[in-house]
1. Using only Cα atoms, find the angle between the long axis of helix 119-154 and the longest principal axis of the chain, and express it within 0 to 90 degrees, rounded to the nearest 10.
2. Specify the angular offset, from 0 to 90 degrees and rounded to the nearest 10, of the alpha carbon long axis of helix 5-63 from the longest principal axis of the alpha carbons in the chain.
3. Go through (1) 35; (2) 47; (3) 54 and flag the label whose value is the computed percent of Cα pairs over 27 Å apart for this structure.
4. Dipole of the chain, Cα-centred, from +1 at each Lys and Arg C-beta and -1 at each Asp and Glu C-beta, to the nearest 20 debye?
5. Placing +1 on the Cβ of each Lys and Arg and -1 on the Cβ of each Asp and Glu in the chain, which of 63, 165, 149 has its Cα farthest towards the positive end of the resulting dipole?
6. Extending each Cα 7 Å along its Cβ direction at residue 82 and residue 18, get the distance between those two points in nm, one decimal.
Amino acid sequence: MEGAAPFIILGIVIVIPLFWLIGTYNGLVRLRQHVRESWSGIDTELKRRYDLIPNLVETVKGYAKHEKEVLESVVAARSKALASTGSPAAQSRDENSLVGSLNKLLAVSESYPDLKASQNFLQLQVELANTEDRIQAARRFYNANVRDLNTRVESVPSNMVANMFGIKGEEYFEVEHVNVRAAPKVSL
């Protein structure tokens with residue numbers, strides 16, 4: 001048994017760090033997969049919003065014929081956001097542009113009482129509000145996963161494993177919220 005002690009010590013010196021390395025690597029991979037999965041949730045909700053916008057534009061177009069510039073800006077911003085496949089930061093810029101256009105479109109609707117009373121417009125506003133809530137929930141989930149991954153990638157000693165295997169941190173996704181719930185202004 002005395003001759004086995006050096007092999008046991010050598011085994012412990014090699015096996016424990018090897019298990020730690022494997023465990024840390026697998027943990028980083030798991031976090032990276034959570035980030036990717038949560039990004040697909042954001043993507044799904046953004047596509048849902050993109051699908052609502054043409055209906056919203058067509059509804060407004062029927063009532064607000066003089067607002068061609070606003071309608072065209074929404075369509076252009078939607079097309080740009082739909083085509084955006086870059087980093088979360090690039091997607092955020094395009095989404096913020098779209099949100100700004102949608103806010104202008106919703107502000108225009110305030111000038112058209114018949115439009116504001118239209119059941120189709122009201123239903124689209126409800127759908128848009130629900131979709132915005134879902135986008136915000138997906139964004140929070142994604143950003144929480146990014147935070148967890150980035151913390152592990154930047155923390156010692158797991159940062160050594162991340163660097164060794166080329167695992168990098170991810171960008172947060174920040175988008176303004178469409179103001180579909182603003183209380184209407186009442187003047188007496």
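1. Once rounded, one gets 20 degrees.
2. Long axis of 5-63 versus the principal axis of the chain: about 10 degrees.
3. From the options (1) 35; (2) 47; (3) 54, the structure gives (2).
4. On the way: 22 positive and 22 negative charges, 31 e Å.
The dipole magnitude comes to about 160 debye.
5. With unit charges placed on the Cβ atoms, the residue in question is 63.
6. With each label placed 7 Å out from Cα toward Cβ, I get 5.4 nm.
A short reminder: the numbers here are calculations on the coordinates, not readings from a lab. Small disclaimer: the values here were computed from a predicted structure and weren't measured. In this analysis, Cβ positions are derived from the backbone assuming ideal geometry, glycine residues included, and neighbour counts consider all displayed protein chains.
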